[in-house]
Amino acid sequence: MGSERTIVLKGEPLQFEDLADAAITPGFLIEITATGVKKHATKGGAAAPMFAIENSLEGDEIGTDYDAGDRVQYVHARSGDEILAYLADGEDVTKGSFLCSNGNGYLQKATPASSDFDD
């Protein structure tokens, strides 16, 4: 990451908060559980565009992780929103690339099946 100070770079995504089931880094792709939120854990799995953001209420910056049990602020991104998220090591993407979960909060390049584009 560069010198950015916020995870939400552009737009007005819907903002929520919930308890962290485990440690979460701002910028991680997350998923909702029965008891709170956690890093998205299904590699290549379907995911809503929800990302942990910095704890602005406490003045924390994007490099400050949430601990298990903390109240996590997160956003559900909408079309046109720009989010500063993490790519998994070794991923090479370009503008317009489709992304999916890497199974650990990071994102990877999605490889859609050819039938996804058939009429």
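The values are calculated or read from the model by the stated rules, or taken from the named source; none is laboratory data. Since the model is a prediction, treat every value here as computed from it, not as a measurement. Reconstructed Cβ throughout: ideal geometry from the backbone, glycine too, with neighbour counts over all protein chains shown. Accessible surface is based on the protein model in full, side chains and every heavy atom, while ligands, DNA and RNA are left aside. Shrake-Rupley method; radii C 1.70, N 1.55, O 1.52, S 1.80 Å.
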## Note on the structure
Once normalised by the length of segment 1-46, the mean sequence separation of its alpha carbon contacts under 8 Å that are 6 or more apart gives a contact order in percent of 29 percent
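Between ALA68 and ALA46, take the C-beta separation as r, use R0 = 30 Å, and let me know the FRET efficiency to the nearest 0.05.
Working: r = 25 Å, r/R0 = 0.83.
My answer for the efficiency is 0.75.
Let me have the relative contact order for segment 25-78, percent, based on Cα pairs under 8 Å that are six or more residues apart. Write out the running numbers ahead of the final one.
Numbers: 79 pairs, mean separation 20.8, N = 54.
Contact order relative to length: 39 percent.
Averaging sequence separations of C-alpha pairs under 8 Å and six or more residues apart, then dividing by the length of the chain, give the relative contact order as a whole percent. It would help to have the intermediate numbers written out before the result.
On the way: 262 pairs, mean separation 38.8, N = 119.
In percent, rounded to a whole number, it is 33.
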#### Entry: Amide N proximity, segment 4-21 versus THR33 label position 7 Å along Cα-to-Cβ, cut-off under 18 Å
17-21
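Per residue, what accessible area does segment 3-119 have, given a 1.4 Å probe and all protein chains present, in Å²?
Per residue, segment 3-119 has an accessible area of 61 Å².
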### Query
When we measure straight from the Cα of LYS109, which aspartates and glutamates land under 15 angstrom away, once same-chain ones fewer than 8 places off are left out?
ASP89, GLU91, ASP92
### Query
Can you give the net charge of the other residues whose Cβ lies under 13 Å from the Cβ of GLU31, counting K and R as +1 and D and E as -1?
+1
